[in-house]
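The values are calculated or read from the model by the stated rules, or taken from the named source; none is laboratory data. What you see is a predicted model, and the numbers here were worked out from it, not measured in a lab. A quick note on method: Cβ atoms are made from the backbone with ideal geometry, for glycine too, and the neighbour counts reach across all protein chains shown. Side chains included, ligands, DNA and RNA excluded: accessible areas come from the protein's heavy atoms. Shrake-Rupley method; radii C 1.70, N 1.55, O 1.52, S 1.80 Å.
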Amino acid sequence: MTKKITKICCIGAGYVGGPTMSVIAQKCPDIKVTVVDLNQARINAWNDPDTNNIPVYEPGLPEVVAEARGRNLFFSTKVDEAIAEAEMIFISVNTPTKTYGTGKGMAADLKYIELCARQIARVSTTDKIIVEKSTLPVRTAEAVKSILQNTGNGVQFQILSNPEFLAEGTAIEDLHAPDRILIGGDPTEEGQEALNALVDVYANWVPRERILTTNLWSSELSKLTANAFLAQRVSSINALSELCEHTGADISEVARSIGTDSRIGPKFLNASVGFGGSCFQKDILNLVYIARSYGLQQVADYWEQVIIMNDHQKRRFGNKIVKTLYNTVSGKKIAFLGWAFKKDTNDTRESPAIFVADDLLNEEANVSVYDPKVSESQVLGDLNYLHTRPESKNSELITIFDNAYDCCKGAHAIAIMTEWDEFKTYDWEKIYNNMTKPAFVFDGRNVVDRKKLLQIGFKVYTIGK
Ligand code: ADP
């Protein structure tokens, strides 16, 4: 018989764990959901009385937290306590690309997952269902299982894979009405019981026909594949954007033309300065690493091209700025509008803005930055993390502004790095009047009205035009 879940614990209060658990708690008032994290500051922020101060910016999330927090949604640093009382434990910790040893720059670092598994093994005295929520390489469940099944204390663990498909910026919409929920489990009777227990949780608000079940490995690989396909579409359109610039074709027209083919579809065809975010690059690198480790060279090379193209697109954008500004940006002010990897999120991981800024700083530009949701410490932290130059040099060359008009004042050029809606409605005439002439705009996201800007007097570069 399927066990009814009454207590859930989620380890990791980040961009995945936080919003996902908030929605589970909102939709399942009978289940107590406790989200734990080692990071005290992060937990404090999740518990801030003003839900606008929670650490993850997502439209609609403050309202969901306000509804469920304190009722059946709790945020805490008492990891052991939450593990001990839960019947179901989601693992939603970070799995960054390894920065050392074998697989450096490619493989996922499973250190945090392993630590979680060991912690669960240590404190559990009752049977548990463990749910992998973080994006993981194929067969990670095997490692987790082997740690949990060798505790010798008789406690039974079932491992499920339940990858998250939410998109940052629309996380709440995606969680409320997902295209599908994917759950992988063992084909054994116990495995299927565990799987059904999780199906029942989602069935509180997701139609059953949208809940897909597979074996563990298919579920793990499906997540990597979904992200690889999405990133591949971006790299494909970006590859063609460069060809457009040389041939007189317009990438927006090409995208519209092919997007009407129902086999291709209109989504994810916007040419841009490149994709970012914590998942696409990491997941593809994982896929490449796994393929190589099985000796599948052609498969690995095929997917690696998606990353190579993306790196090229970022570099090409920075080069275009330098070249257009008469081959030197030394001492010039370049204003960045946007730093987040996409609109409606404060997440900056792998954001193209970081890499373009880094290239421009190498050219001794003065980069000023305005992003409606990203703080100064975040911008500097992102650059310092690259270790390209001393931190003091980054602080000297980067200036953060809290509004776009001041950010652009006196600038030689504006680089639009994120597609925030507000950029469309600015008084571009006012911005133009306060800039150094000729005033350039490099639109990395195809957000502003090119014609209007040209009329005002800007020199405009739009990707793929
Ligand atoms: P994601 O985008 O996958 O949610 P984040 O980095 O935003 O990734 O969140 C992962 C969270 O997991 C971090 O807040 C980190 O502090 C937390 N974490 C990592 N390891 C552990 C652990 N062993 N116990 C509790 N929390 C952990």
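The set of residues from region 306-327 being touching a residue at least 12 places away in the same chain (Cβ under 8 Å) and among the β-branched types (Val, Ile, Thr) comprises Val306, Ile307, Ile321, Val322, Thr324.
Among the residues of region 41-52, those identified as within 24 Å of the chain's Cα centre (by Cα) and open to solvent by 10 Å² or more (accessible area, probe 1.4 Å) are Ala41, Arg42, Asn44, Ala45, Asn47, Asp48, Thr51, Asn52.
Considering every residue within region 421-438, establish whether at least one is over 27 Å from Leu269 (Cα atoms) and aliphatic (A, V, I, L, M). Looking for residues that are over 27 Å from Leu269 (Cα atoms) and aliphatic (A, V, I, L, M), one finds at least one in region 421-438, hence yes. Could you go through region 416-427 and let me know if any residue there is in a helix (DSSP H, G or I) and surrounded by 13 or more Cβ atoms within 10 Å (Cβ to Cβ). Taking every residue of region 416-427 in turn, at least one turns out to be in a helix (DSSP H, G or I) and surrounded by 13 or more Cβ atoms within 10 Å (Cβ to Cβ). Mind checking whether some residue in region 203-219 is of a type in the set (Lys, Arg) and within 25 Å of Ala86 (Cβ to Cβ)? Yes, some residue in region 203-219 is of a type in the set (Lys, Arg) and within 25 Å of Ala86 (Cβ to Cβ). Put simply, of Pro55, Pro59 the only residue that is farther than 16 Å from Lys133 by Cβ, in a loop (DSSP other than H, G, I, E, B), open to solvent by less than 60 Å² (accessible area, probe 1.4 Å) and within 10 Å of the ligand (Cβ to nearest atom) is Pro55. Among the conditions (1) outside the structural domain of Val131 (by TED's automatic domain parsing); (2) touching a residue at least 60 places away in the same chain (Cβ under 8 Å), Ser218 misses just one, which is (2). Ile113 satisfies every condition listed in (1) at pLDDT 95 or above; (2) within 19 Å of Cys279 (Cβ to Cβ); (3) in contact with a strand residue (DSSP E or B) (Cβ under 9 Å, 6 or more places away or on another chain); (4) within 16 Å of the ligand (Cβ to nearest atom) except (1). Condition (residue is among the charged types (D, E, K, R), in contact with a Leu (Cβ under 6 Å, 6 or more places away or on another chain) and open to solvent by 10 Å² or more (accessible area, probe 1.4 Å)) applied to region 172-191: is it met by at least one residue? Looking for residues that are among the charged types (D, E, K, R), in contact with a Leu (Cβ under 6 Å, 6 or more places away or on another chain) and open to solvent by 10 Å² or more (accessible area, probe 1.4 Å), one finds at least one in region 172-191, hence yes.
Here Lys133 meets each of (1) open to solvent by 20 Å² or more (accessible area, probe 1.4 Å); (2) charged (D, E, K, R); (3) within 13 Å of the ligand (Cβ to nearest atom) with one exception, condition (1).
Of the numbered criteria (1) within 16 Å of the ligand (Cβ to nearest atom); (2) assigned to a helix (DSSP H, G or I), the one Thr348 fails is (2).
Residues that are closer than 18 Å to Ile89 by Cα number at least 3 in the following helices (runs of 4 or more DSSP H) confined to region 120-222: 140-148, 189-202. Annotation for region 86-105: at least one member residue is away from the ligand (no atom under 14 Å from the Cβ), modelled with pLDDT under 95, open to solvent by 10 Å² or more (accessible area, probe 1.4 Å) and of a type in the set (S, T, N, Q).
Within region 31-45, residues that are assigned by TED's automatic domain parsing to the domain that holds Asp200 have Cβ atoms under 8 Å from residues that are within 11 Å of the ligand (Cβ to nearest atom) and open to solvent by 70 Å² or more (accessible area, probe 1.4 Å) in these pairs: Val36/Lys78, counting only partners at least 6 apart in sequence or on another chain.
The residues of region 1-40 that are within 12 Å of the ligand (Cβ to nearest atom) and either in a loop (DSSP other than H, G, I, E, B) or open to solvent by 30 Å² or more (accessible area, probe 1.4 Å) (or both), listed by number, are Gly12, Ala13, Gly14, Tyr15, Val16, Asp37, Leu38, Asn39, Gln40.
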